[in-house]
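Laboratory data are not the source of any read-out in this text; all were calculated from the coordinates shown. Quantities reported herein were computed from a predicted structural model and do not represent experimental measurements. In this analysis, Cβ positions are derived from the backbone assuming ideal geometry, glycine residues included, and neighbour counts consider all displayed protein chains.
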Amino acid sequence: MIVQIEFTKEYQKDPVTIAVSSDFDEKTRLRYAVQKAVDWGLDLSGACLQGADLSGMRLCGAKLREADLFGATMKGVNLEGAYLAGAFLKNADLTNAYLAEADLCSAILSNTNLRGAYLAGAHVAGVGGIISLGQPDGWWAHAYLHNRVMMFRFGCNTKSLAEARGYWDKTHRRWPERQEIAACIEYAVTVAKLRGWKFDELS
């Protein structure tokens, strides 16, 4: 069976056509088509992948610049080194996604779920939905907004603003070594307010 991967009007590209088994349902056929396209090194910039289920897939180095991934389910996807600059990821679920060294410059991540996502070395310039916090105490860190809750990722720890403040305070058993993290939390809150993020500081 032939699956077509369409592109946005701005790209004016002919659809990519890939043969997959007819034994699968529509979403699974699209998964296989995307995987094959990436494995073959095809350029999927501007691809229309709204609502696609890409969970758990290995899409390292995928060329998805300005792709429409609105509402896509991408839990645990491996996008190491992928090109996602300008991609539309609003309402996408990137829980536990691996995005090391990915290019996310100017991507739209409004209300994107990044809980547990790994963004070490990712390029996030111009991304309004992420505040990069560098490596406080040696841990890659970032803050993001999801469902009006400000979330933080420090190393392998994901916490809400209230949880982060409660955990990394002066009562922490290793407080002298964790003061950088506490300072980063307050820096992120300041930047978030400057960017106009709407969130509850008690959540």
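Nearest 500 deg cm²/dmol is fine: what mean residue ellipticity at 222 nm does the chain get from its DSSP H runs of n ≥ 4 alone, each adding -39,500 (n - 2.57), divided by its residue count?
Details: 3 runs with 41 residues, N = 203.
Value at 222 nm, helices only, nearest 500: -6500 deg cm²/dmol.
Taking the chain as a Gaussian network of alpha-carbon nodes connected by springs under 10 Å, the highest mean-square fluctuation of the residues His142, His172, His123 belongs to His172. First check a/c for the stretch 53-150, with a ≥ b ≥ c the square roots of the eigenvalues of its C-alpha gyration tensor; if it is under 1.5, answer rounded, and if not, answer prolate when a/b is larger than b/c or oblate otherwise. Verdict is rounded for the stretch 53-150.
Please state the relative contact order of the stretch 132-203 as a whole percent: Cα pairs under 8 Å, 6+ residues apart?
Numbers: 89 pairs, mean separation 22.9, N = 72.
Relative contact order comes out at 32 percent.
The angle separating the long axis of helix 175-194 from the principal Cα axis of greatest extent in the chain is about 60 degrees. When the Gaussian network model of the chain links Cα atoms closer than 10 Å, the mean-square fluctuations of Gly76, Gly134, Gly116 top out at Gly134. State the antiparallel share, in %, of DSSP beta bridges confined to the chain, rounding to the nearest 5. In the chain, approximately 60 percent of DSSP beta bridges are antiparallel ones. Comparing Gly121, Gly41, Gly155, which has the greatest mean-square fluctuation in the GNM of the chain with Cα pairs linked when under 10 Å apart? Maximum among the listed residues: Gly41. Of the GluC sites (Glu not before Pro) found in the stretch 122-203, those in coil by DSSP whose Cβ has at most 13 other Cβ atoms within 10 Å are Glu201.
Mean sequence separation of contacting Cα pairs (under 8 Å, at least six apart), scaled by the length of the chain, corresponds to a relative contact order of 11 percent. Straight-line cross-link reach from Lys75 at under 22 Å between alpha-carbon atoms covers these lysines, not counting any fewer than eight positions away in the same chain: Lys27, Lys36, Lys63, Lys90, Lys159.
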